[in-house]
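Since every read-out is calculated from the coordinates, none of them should be taken as a lab result. Values in this document were obtained by computation on a predicted structure and should not be read as measured data. Heads up, the Cβs are rebuilt from the backbone with ideal geometry, glycines too, and the neighbour counts pull from every protein chain shown.
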């Protein structure tokens, strides 16, 4: 999926897993230029992964819904499981039967 093809967009979604954040808060957390964060947020919004709300003069972004959160949580579980396999966690990798 294009929307998840860059580390910065995935990082933004990871930050939003803990709750809504303003562009300024995301900029500080990610150590990116505000224009770059805004561009990535626009892509995420266009792909219905985040929603935006005006709060005073700020724009606050949040994950679109529980489906997006579930997608991210599952992706993180997958990465952690793969890391465990690489570190020799004792869980053998499946092998293809030959015959």
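Side notes on the structure shown:
- Calculated mean projected area of the Cα convex hull in nm² (choose from [x] 8.0; [y] 10.2; [z] 8.8), label: [z]
- CD proxy at 222 nm, helix term only [per DSSP H run n ≥ 4: -39500 (n - 2.57); per residue of the chain; nearest 500]: -16500 deg cm²/dmol
- Using a Förster distance of 22 Å, the FRET efficiency for residue 70-residue 11 (Cβ separation, nearest 0.05): 0.75
- Gain in span if fully extended, residue 4 to residue 78, counting 0.36 nm per residue against the direct Cα distance: 25.1 nm
- Over segment 1-55, Cα pairs under 8 Å with separation of 6+ residues give a relative contact order of 33 percent.
- Taking every alpha-carbon pair under 8 Å whose residues sit at least 6 apart, the chain reaches a relative contact order of 24 percent.
- The stretch between residue 87 and residue 54 holds 7.4 nm of extra length on full extension. This uses 0.36 nm per residue minus the Cα-Cα distance.
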